[in-house]
Each structure stands twice: as C-alpha cells, then as structure tokens.
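Data first, discussion second: the structure below is written as structure tokens.
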C-alpha cells in the first residue's frame, strides 16, 4: 500500500530587483514547491503521463515572479500555489515553503544608499503556504533569530534523580536560536504583521524574568496572541544554547559570572504551540 | 491553549569502546532525548518541580551506557526510554533518536587491525524509539546514503505546460542521497535486519530499469517489504541530485553522455511510504 | 628533515560579560592559539618534557580573560601572546587568531535594552596577533561581509578565446562575501580604527562605478590606505557570488534585469594586497 | 603598491563517466583554477583587455575533459595548466586545485555492479598542480581521512604551569581528521603512488605506540619518505579530535576506559612537514 507520496523542487533561488527610480528594492528567496496528489501510477508503473517535471516547477517560479510586481512572500506563495492547482488536476495539495534572506541598505555619508545592500543574518524570514481544493493556510515565521539575555534568567527548583548533578542558578546566561511559526486565520497586511510579531517576541524575551526556557517561551507566545489579533496560533522552538560559567578556582581566580564557554553540543530543545482557545 | 509541548536534549555524543581481548569494538552515536507529557505548569507558572533537567538526560545516557554491554542502538534506545518513563510519572511519551556514525577497521598487511578504525560515511545508520505507557515503536534507517547509476535511468513521457523546457532522456545519470526509515512491528535481530534492508535497497537501486525517481523508489521499497518479513512499513526520501550533461556544441565538441556538472541547488525531492496492506 | 612544525588549540569559545550597572557589555570570541618553536624532540622521540598541553592554552584564555578588563580583541591577543612567550622559552613565535561574533542590543519601546542582545551576522570581526622575541604584528579584519550592488556594475571588453561564451554586460548584479585583513604598523585605537576601515570599504563599494570585481576591489583598498593613516597594508578577497539573469524568452516574457538566480558554485575569486609604497 | 593579485574560478564541479563496455568508470572532481600574472591595469584602470573571464576557465575544464580520456587528476591538472599558460601571455603562474570525491561500486549478489556506485567519504583525494613558465610542481593528498585508535596512545610527562589541569594518561583514544599533502619531484604512476602513500599512513597510524599526536605524525610522515621513493616531501595536519572519558563516579559507577564524549570544540591542531635532507 502506497501512502504519503509527495514530490517537488527544493532550493530554488530567486533574487528579484525592483527599480522604481534610484531607490531599488531587493527580495532574496529560497523556495520549495511540493505536490501531493494522485500520482500512484508514476511510482508503480513508471507512467509519467501526468507528472509535471520538477524542472518546470522551478521555471514557473521565475516566470510568475516576472509577471508579478514585487510583493510579500506570503502573497507570492499564494499566487504560485493557485497556479499549480489550476494546471494540475491530479494535485490534491500544493505547499510552497519560502525562506527570505534579509538585506538592509548600506549607509553612505549618513544616508541610505538606493542601490547597495548588506546582508543581515543569521536570521531569516519564513513563509509557508499550503493550499488544497477547498482552502489555503498561510504561516509566517522567523528562523535562526539568535538572541541572548545576560540577566533575568534563573533555573532552580527542578526535579533531581540519581544522575542529576546540575547546580541551581538564579543568574545565568540564556541564549537561543529562535524558530517561530505562526498562522494567520485570514488575510492580513503580511509585512506589518510580520514586523509586529517579531518585535513582540524580542521585547518579551528581553524583559521577561525567566524561571526556565519553557517559562520564557510561553510568555513570548502569549504576548503575540495577546497583542496581534490576526495571529491564530504560534509555534516556538527554542534550543538552549548553553553558556557554561568557567570554573577558575583551580587557578586561584573567582568567576564573578563574567567568563563563559559557549557550547554547541549537547543542547536543550524546548518547544510548544499556543492557540486561541 | 497550550499544545504540542516537548522538551529534551539533542546532540548527545557517546563513543563507547568494548575491549574483549585484542579486538576492540566501537560504537559512535549522536542521541536526542525528548519528553512529551504534562508539563504545563512549567510553561505557564515557571514551576520546575517535576522538570528533570536536560543535563540529567545527558548524564543518564552515559550512565546507562556504562551499565549496559555494547548492543544494537535500537536496544539501547529501548533501555533509555523505559528508564525515563519509570522515573518520570508526568511523561506521556519518550522519544530516543539515534544516529550511528560508522567505522570500519584499518587493514594492516592484509589483516584487520583490532584497535584502529577508519570512519565510513557520509552514510549513517539511524534508530528511533518512541515509547509511551502502552507500547513502543522501533524504527531503523539509513541517512545520507549517496548512490549513483550511470545507466538504466530514463525520464520521458512527462506532462508539458507553458513553462516546460526539459528535454526527454532515455539515458541520464541518476544520483540521490537516500534517507530510508522502516518500522519493525515486533522485536527482530536488529543488526542482521538492518544489513538485510540496506543490501536490498542498494541491489534494487543498482539493477532497476528506472523510468523516474518515483519508479525506482517504489521498486526499492517494494523489494524490502517483499524480502524482509519483520519490516512493517518503509518510508523513503530521495532528493534528485541532478547531474546535467554539459552542452559542448559551442566549442565544436560532442558530449557523448560523458561530461556532467553536478549541482546542489535546486534539487528535486521524491518521497513515499509503503505499508503492508 | 623536519620543518614547519606548529601546534596549538583551535575553536576556543569565550563569551565575556561586563556588568557595570544596568548596561552590560558582551564580547563573544572564537580563538586559536598556535606555537612555533624548537619542539623537534617531541616529534622524533616522543619527548614531551617542554610541551605545554593545548588544554593549558585553552585554560589560559579563560584565566587571562578573567584578569583583564574587557578590551578590544587586538589588545587581548597581545596579552595572550606575551604571556605564552614569557612562559615557554622554546617558543619562537606565538600566533593568536580571533573571530568576534557580533551582537547588537535589542530595542524595547524605542530604547536599547541593557541586558538583551541579538546576534548580527553573517559578518564577523577578526583580529590576528603574531609575536616573536623581537616584535609583534597586529592585523584586524572583517570576514563574510556579504554585500550586493544592484547597479553601477559592468563587465565588458574582456579577452575571448575558443571557449568563451560569456556575454558582455553594462549592468549586472555584483555580490560578494568580503574578507578583508589589514595591518597596523604601530598601536592605534583599535575600536575606532576598525569601524573607520569597515565604513570606508562599504561606502566605496556602494558608490563605485565598477568595470570588474578587480576594479572595485582596488578602489576599496585604495580608499582605506588614502583615508586611514594607521593602516600599513590591506588584503582583500572577494568571491564573485554570481547572480545570473534568468532567460524568460522561452515563455514569451522579457527579463528587464529584474529576475536572477543566485548561485553558489562555481564562483569567481578575486584577491589582491595594497601596500603603501 | 599592488601585490599578490590573483583571480580564478572555484567550485567547478565535473563528473566524468567512461563507458568502455558494461563496466563504467566515474571521476567526480571539484576544481579551482587560479591565475597569477601581470593584471594590474584591470585593478587600477578597469581595463579588461587581457582578462580571460572566470566563466571561460569553467568552460575550459569541461571542454578539455571531453577531449582527454579519463586519467588521474594530477594528469588532468597538468593538461589544464599548460593550456592556460599557452593561451594567456600575461599569466606568470597557473594553479589547479582538485578534490576528488570517491565512489566505489555497489555489490549485487556478491559481484561488483558495473554501472552503480556508492559514495565513500568523508575522505577525499586531492591533487594540486602549480605551473609557471619554467616548471611544474605536482602535489597529491588526502583530506578529511577520519581515523581513530582505541589503544596504543599515551600523553604524559608534559610541561605544567599555573593553568595546567590536564591529567597524564597512558591509554587514551586518539582520533584525527588527517589532511596530508605530498610532493612528487618527478613524474610517477600517480594512481599507484597515491594508494601506496595512503596505505602507509594508515598502517603506521594503526601500529604506532604513540606518546603524542606529534610523535605519531612524525612516524607516519617518516614511513612515507622511507617507503616511497617518488615522494620528495610530505606535510601532515592532524587536528586532535578529543574523546574525553566521562567521569561516572558521581553515580557510583566506574568508567573502565569505555565511555567517552566526542567533542568538536576546542580541538588541538598539530602539523609538520618532512623533507628528504
């Protein structure tokens, strides 16, 4: 029995420039297109009759980008999904995944240059459109938003068992590479909404008196639902990028919570979804 | 409303050596431990009372490895999951993800050395144990198994639309980085079963007359279900690592299907699950 | 004959926090320490008598960081190098390589937060100190500074041979991931000097009428030597991150220099050093 | 004053298939081409008259590959370098860097398949040709050859200072990702020579009673010079991929040198060149 079939094209790189006068605009995307539908004959019999090549999916991204004016990624994803559903009766669902690489303007003599850009990162903006014959779902998000608090973070009062050696702390460094994804339950002003959610996540992280990563994650998600009406639910993943205080006592030195080693492995991972009830 | 909460430790690196005489054995794992359960108070109130630190999860991996004799990853995953369920009443489900980095023996004077190893790769062996209060599911797999066919691969007769420019071909290079995951519906001899599935996947890939990646993927999955009774279902993901024939006509040269450029982006992605019906 | 011996510790991760009141400062470094000297007996005879363990090099980084107030990376590199030379008579030369990961402050209600940070990147600041018994050399730099011009870039009038198919262009996208390294021939105010060089590189890149990557690279290096007296020489490496205009004519569409595919491989690489003569 | 100018193309991916009957052969290379010469006018004046585009360098790789029968990478590098020197009078030196990705044959029913391959790795074979108007230098090598010894490795009797906390050990795990580069001082049978050097490195690593990484590195390099006459010098870089024994005493367990954590950062780096005197 064949199940969960899907095929598509990933890693489609599109850089689009709008040139209205001297102040150019740039949009830099990595896209993935994915079809789910009734393609069993292709698997079982090698019958390609109704199979649109993934090469054509890639071509379509460039062709539709040329037709459309430069707009928000969410909008472009909807245009792509609708095009693919219209032209491919065997498709049940189209998914468009987008990662936008962010650029800001280079400043020259205190003024933003119109045609020169510097890449921001490691953060990227994400958008995700899933469309079937009945409805479309639009998610937006941020990925790899690396943030750190140098105060206001504790971890104490936790469960101990035979293998627990961790010391309690009321003042640790808290760092994460945040991935957040949220769903709009209707159309919204995608650009302003994205900036509002991102700002709310950052401000809540900065101000929160954290008892744990879980505690701060919840506060961040809650603040988004409380503050931005168009968001229906939000999912956060927060790896705990541990910064361990270095023990200097062997050298007769004291570490006044100032010297840390940043570690990659192992790392905690905390996640949750918050929905309007 | 809080949903889909989970927390755990990822990137736990364990290298274990058994030393029965001169012929040592090595097992090299990257593990992730994940708890799902009733931990809402930790999120909403910062109450850590029942929260086992992820640092303890890591310690437990090393401690239980020291107690257990070196066995198959699937077995070690079951031991870990059971330990965590027993000690943490709030946990509903424990997941242990394992990636085994493979080593073979260095050959000296035509004989395998007992204490010197060379890393194989990029392939790794995977195992995945999910256990709740009622049952355990055990998956095994391979990841990043990079394979290539220099004949027996066509792609023709496909659907064309306004944006289709791809030429049909009856003789192309077919390359993929296979990820396969299969489920055992009861205990099995995990080591021999893993080798049998891997061998079946490779042999079917090599011998298949391919009409598409989908076609070969199905043949490979089918051969596993047909040949190995302990496998209940199998999921394959096969990115299409395109090797494009280089057009040499501009230089007055002919490309007799011999000169290719290997590309990373964009790439096709094909996937499916096959289950016993 | 034994030559070019060297040993050391790489990947030392140091995060240091200064807490003067509410406005914390953070410095996030990856360091490498390297010794060159008379260590032949260690290689030829396994005699470790004078070999300081690389583990001690790592410990020393943390211990000296705790003793020193938080200062510019160049300064910290000089402190480390001098310490190692003093304590290890067999060492002829010590090299300290530093990569600083950059953080800016999170803004809350329009004001910079004193204890919450967001990682900038992919750019990093680099510093490099090489010290022997006679003198010290200090280099500073930037790495992975990704920049793009959407106008003011041509490439034409180049040499053609039998294998040349590239079209001439007077308006292309120019993008690079700049690595720049420059040398101070005496002490300087390391912080302000670094910012001045970086700003000069960016402004020149933005304003230049480019005939080639070489042409722009020279203009950037020249502007630094002309504008910042403390810089003795500067070395630039500029990979050409090609953005290829997509040919849309097959779909009856025109590409008005707006739709590009960003490619990773292959890429051009252009480099040069500029010295005061 | 302009110095150290160079330009070229990197990341050129060439996969070449030879089809003599049923048993195909594959060669999978990533190449970089680099020109050094009198190109100052291009930098200073934007004069591209004599500048061969890097796009043409890439085209040349494919065109010459089509003309040549499939041979050793070293040979192909010499062909490329000579071609570029002949056609470009301003070039003083051409460098061709090659990394060969290794494939072995898939075994079906105990026999090697003629047209199906599996990628080996992470190891790759390297070759490097540098040619000027007078002479050519040919280097060969291996990169990322990951090897591990579970016995026969000590580190003791080393220097201690105020910051030394490392314990002495007479039985540790020794692991490295070897990069080796050696020079042939005249032509040789490149294929057999490469295999002979690689085998000598592996066998010496396996059998050596190691007092330190330095000690083993020297023994390996020495064995190559002693055993393979065509090698003029050899350079080894051996990062020390630390495997730290886990302290289990807190849980009342003993670690009988069996349980290790593999770490990435920080890592030691040891290197040296051995030349015939």
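No value in this document is a laboratory result; all are computed from the given coordinates. Remember, it's a predicted structure, so these values are computed and weren't measured experimentally. Note that we place each Cβ from the backbone using ideal geometry, even for glycine, and neighbour counts take in every protein chain shown.
Structure data summary
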{"item": "Order of C:15, B:261, B:33 - criterion: other Cβ atoms within 10 Å of each residue's Cβ, fewest first", "result": "B:261, C:15, B:33"}
{"item": "Overall form of the range A:113-172 per C-alpha gyration tensor (a/c, 1.5; a/b vs b/c)", "result": "oblate"}
{"item": "Most mobile listed residue (C:191, C:11, C:110) in chain C, GNM with C-alpha springs under 10 Å", "result": "C:110"}
{"item": "Teacher prompt: residue D:247 distances to equivalent labels in other copies, 7 Å Cα→Cβ, nm", "result": "0.4, 6.6, 6.6"}
{"item": "Most mobile listed residue (D:63, D:136, D:196) in chain D, GNM with C-alpha springs under 10 Å", "result": "D:63"}
{"item": "Crossing angle, helix C:213-227 versus chain C [Cα axis fit, 0-90 degrees, rounded to tens]", "result": "50 degrees"}
{"item": "Exposure proxy ranking, count of Cβ atoms within 10 Å, fewest first, for C:181, D:216", "result": "C:181, D:216"}
{"item": "Mean Cα-pair separation over length for the range A:33-186, i.e. relative contact order, pairs under 8 Å, 6 or more apart, %", "result": "19 percent"}
{"item": "Angle in degrees between helix A:190-207 and the longest Cα principal axis of chain A, rounded to the nearest 10", "result": "10 degrees"}
{"item": "B from D by rotation - nearest chain D beta carbon to the axis, in Å", "result": "D:121, 3"}
{"item": "Shortest-first distances to equivalent copies, position residue B:209, nm, label 7 Å out along Cβ", "result": "6.3, 6.5, 7.5"}
{"item": "At 0.692 mPa s and 37 °C, Stokes D of the range A:90-213 from Kirkwood alpha-carbon radius, µm² per second", "result": "182 µm²/s"}
{"item": "Inter-chain shielding of B:90-101 (mean C-beta neighbours from other protein chains, 10 Å cut-off)", "result": "0"}
{"item": "Copy-to-copy label separations for residue D:86, where each label sits 7 Å from Cα toward Cβ, in nm and ascending", "result": "5.6, 6.2, 7.6"}
{"item": "Gyration tensor (alpha-carbon) shape descriptor, chain D, a/c threshold 1.5", "result": "prolate"}
{"item": "C-alpha long axis of helix B:73-87 to longest principal axis of chain B, angle in °", "result": "30 degrees"}
{"item": "Spatial separation of Cα centroids for the range D:133-175 and the range C:177-248, in angstrom", "result": "38 Å"}
{"item": "Exposure proxy order (Cβ contacts within 10 Å, fewest to most) of A:160, B:27", "result": "A:160, B:27"}
{"item": "Over the protein assembly as shown, equivalent-ellipsoid semi-axes from the Cα gyration tensor in Å", "result": "40, 39, 36"}
{"item": "Candidates B:58, B:159, B:149: whichever shows maximal mean-square fluctuation once chain B is modelled as a Gaussian network with Cα springs under 10 Å", "result": "B:159"}
{"item": "Percentage of interatomic Cα-Cα distances in the range A:145-275 larger than 22 Å", "result": "44 percent"}
{"item": "Computed over chain D: relative contact order in percent, which uses C-alpha pairs under 8 Å that are six or more apart", "result": "13 percent"}
{"item": "Value of Rg/Rh across the range D:58-155 [Cα atoms, Kirkwood radius]", "result": "1.13"}
